[in-house]
Ligand code: SF4
């Protein structure tokens, strides 16, 4: 598909989040491009909320001065407040860092070279096999700090992928790309999302995906259902769905009644997560990025937040109640260093904290490990 390229001068590149993202282990992301020629039918970037001008899969904005701006934003010598210790995410948002224009512009490659020079750990998420071009830089980052390579899948079925992900390499090629990086000693995982309701969400389809992940001995599989915001995203998706799966179109109206974030009804997600957990139990793959891959990267507060978020996720996946997510959020709001609060003995005065939670936090802070999380992941 021909694309129209719009070269622009960006004012800023690095996007900072207030609370560390426990899915990606990052506080920083960026879009070197806006719009994505991969043109996945379900892409969230198409929604009005993200203000991507023009036609999403055809009009691609290239931030041609990205490196110059980024250098200013991350240079440790120029920054009064250093960046938080975490991975910097390349991917997600409103573009794929390895969409076809990257062959010409090399913004992602040059960004990786910059991170390598400044010793920043990087997490890359893509659907493209073009990432193999940059294996040398990724290996360099990994030898200095750490690099994570994640590739996303909504299915491993070639036909379904060709309908909903028309311009990306087929699932088999993506799996081979993961194998390529695994064989080079890079930690790799799958972002198994979005699973497409009624199209790629059946139990046997999930089993096929998890079996492929297990064959490759992936370090993690992060699972998620699909969101669909009313407006451009939903209209585009339903047009394609009606062409290929007309029998399912009516059900989508009930599944996606129109929430602000495009969420499906909670009963659907609950059933989907339960099914994922049942399949997951047959394999040893971690449903979260494992602690040993980031416990030497994160600062103390971020490490505690991520571990508590991961506890929350696993407990809920197992159908158990949890307030660890709330606790993690409360910690993210603290102004004082966690160590000082613990030393003053005031941690338990914060809502959501009990003896067991304090014990977990102390263990994470002193050992960078969490026995409770390990025990949950092993059951
Ligand atoms: S690769 Fe990612 S950003 Fe690009 S269209 Fe697909 S879902 Fe959207």
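The values are calculated or read from the model by the stated rules, or taken from the named source; none is laboratory data. As the structure is a prediction and not an experimental result, all values here were calculated from the model. All Cβ positions, glycine included, derive from the backbone under ideal geometry; neighbour counts span all protein chains shown.
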Revision key, fill the gap. Of the listed residues (151, 141), the one being at pLDDT 95 or above and not in a strand (DSSP E or B) is 141
Exercise for review: Might you let me know whether the stretch 9-19 holds any residue that is at pLDDT 90 or above, part of a loop (DSSP other than H, G, I, E, B), crowded, with 19+ Cβ neighbours inside 10 Å and within 16 Å of the ligand (Cβ to nearest atom)?
Suggested key: no
Revision key, fill the gap. So the helices (runs of 4 or more DSSP H) completely within the stretch 282-376 holding 3 or more residues that are exposed (fewer than 12 other Cβ atoms within 10 Å of the Cβ) are 338-344, 355-367
Point to revise | Positions within the stretch 88-105 being out of contact with any helix residue (DSSP H, G or I) (no Cβ under 8 Å at 6 or more places or on another chain) and more than 11 Å from the ligand (Cβ to nearest atom), in sequence order | key: 89, 101, 104, 105
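Yes/no matrix, rows are residues, columns are (1) within 22 Å of residue 112 (Cβ to Cβ); (2) more than 21 Å from the chain's Cα centre (by Cα):
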| site | (1), (2) |
| --- | --- |
| 4 | no, yes |
| 9 | yes, yes |
| 17 | yes, no |
| 34 | yes, no |
| 49 | no, no |
Review point. Would a scan of the stretch 128-139 turn up a residue that is under 20 Å from the mean Cα position of the chain (by Cα), within 16 Å of the ligand (Cβ to nearest atom) and over 18 Å from residue 29 (Cβ atoms)?
Key: yes
Check your understanding: Which members of the stretch 45-87 meet the condition of being within 27 Å of residue 295 (Cβ to Cβ) and either surrounded by fewer than 23 Cβ atoms within 10 Å (Cβ to Cβ) or within 12 Å of the ligand (Cβ to nearest atom) (or both)?
Key -> 73, 74, 75, 76, 79, 81, 82, 83, 84, 85
Review point. Restricting attention to the stretch 346-364, does a residue exist that is in contact with a helix residue (DSSP H, G or I) (Cβ under 6 Å, 6 or more places away or on another chain), within 30 Å of residue 143 (Cβ to Cβ) and touching a residue at least 24 places away in the same chain (Cβ under 8 Å)?
Key: yes
Exercise for review: Return only the number of the condition from (1) outside any helix (DSSP H, G or I); (2) under 24 Å from residue 48 (Cα atoms); (3) at pLDDT 95 or above that residue 261 does not satisfy.
Suggested key: (3)
**Study point:** Residue selected from the stretch 164-195 under the condition part of a helix (DSSP H, G or I) and within 13 Å of the ligand (Cβ to nearest atom), by the criterion farthest from residue 238 (Cα to Cα)
**Key:** 174
**Study point:** The one condition in (1) free of Cβ contacts under 8 Å to residues at least 40 places away in the same chain; (2) more than 27 Å from residue 312 (Cα to Cα); (3) surrounded by fewer than 18 Cβ atoms within 10 Å (Cβ to Cβ) that residue 231 fails to fulfil
**Key:** (1)
